[in-house]
Amino acid sequence: MNPIEFKVEKTIKNSPKAVCENILDVETWSSFDGHGLIPGIEKAFYEKRTGELVGSIIRVKNSDGTEHLEEIIEWEKNRKLVMKIYNFPTALSYMATHFIEDWDFKQLSENETLLIRKLKLYPVSFLTKPLLGQISGLMEKAMKKQLGEMAENLSL
């Protein structure tokens with residue numbers, strides 16, 4: 001079944017290296033506040049961290065008490081990060097099998113990065129796709145807000 005997809009982007013006045021370092025620092029993940037029914041992140045930590053990052057698994061504890069896992073499935077230093085989000089709490093697990101989050105870091109100048117963030121949500125069935133579509137709208141708003149905050153916090 002085809003996933004539900006969207007993308008958000010923001011120019012950040014800092015290098016791709018600084019932006020990547022911020023994202024890989026899971027201590028910063030608690031700045032994600034969520035939106036509406038989408039919970040924020042209370043805490044995230046590496047359950048497994050590999051030297052090359054691919055295969056690293058991050059456990060995320062959400063502000064509503066639920067948890068999920070995020071696994072780094074692709075890493076190109078300072079250029080690209082792809083994560084698989086899975087092991088959802090019960091309600092979401094009935095709607096989606098997993099999400100794929102794709103971060104692209106495009107250097108515009110020495111201290112300016114275009115951050116493009118894409119999310120693909122994979123529905124369990126055609127019956128859950130409409131509800132997952134509504135959730136994707138909330139996720140998109142939450143991610144836009146977070147990118148705006150990142151741009152403010154990481155600007156030189």
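Key figures for this structure:
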item: Heavy-atom accessible surface of the chain: percent carbon and sulfur, 1.4 Å; result: 50 percent
item: Within the stretch 119-153: backbone nitrogen closer than 14 Å to the LEU37 label point (7 Å, Cα to C-beta); result: 128-140
item: Per residue accessible area in Å² of the chain, where ligands, DNA and RNA are left out and the probe is 1.4 Å; result: 53 Å²
item: Relative contact order %, the chain, counting alpha carbon pairs below 8 Å whose residues are six or more apart; result: 31 percent
item: Label point at LYS144 placed 7 Å out along Cα→Cβ; residues across the stretch 32-70 whose backbone nitrogen lies under 15 Å; result: 34-36
item: Two-decimal Rg to Rh for the stretch 32-74 - Kirkwood Rh, Cα set; result: 1.06
item: Ellipsoid semi-axes in whole angstrom, largest first, where each is sqrt(5λ) of the Cα gyration tensor of the stretch 1-52; result: 21, 18, 15
item: Amide H partners (placed H, <5 Å) of GLU112, local residues excluded; result: ASN14
item: Simple label model, 7 Å out from Cα along Cβ direction - LYS7 to THR28, nm; result: 2.1 nm
item: Cα-based equivalent ellipsoid of the chain: semi-axis lengths in Å, sorted from largest, via gyration tensor; result: 25, 17, 15
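The values are calculated or read from the model by the stated rules, or taken from the named source; none is laboratory data. Remember, it's a predicted structure, so these values are computed and weren't measured experimentally. Here the Cβ is made from the backbone with ideal geometry for all residues, glycine too, and neighbour counts use every protein chain on show. Only protein heavy atoms, including side chains, enter the accessible area calculation; ligands, DNA and RNA are left aside. Shrake-Rupley method; radii C 1.70, N 1.55, O 1.52, S 1.80 Å.
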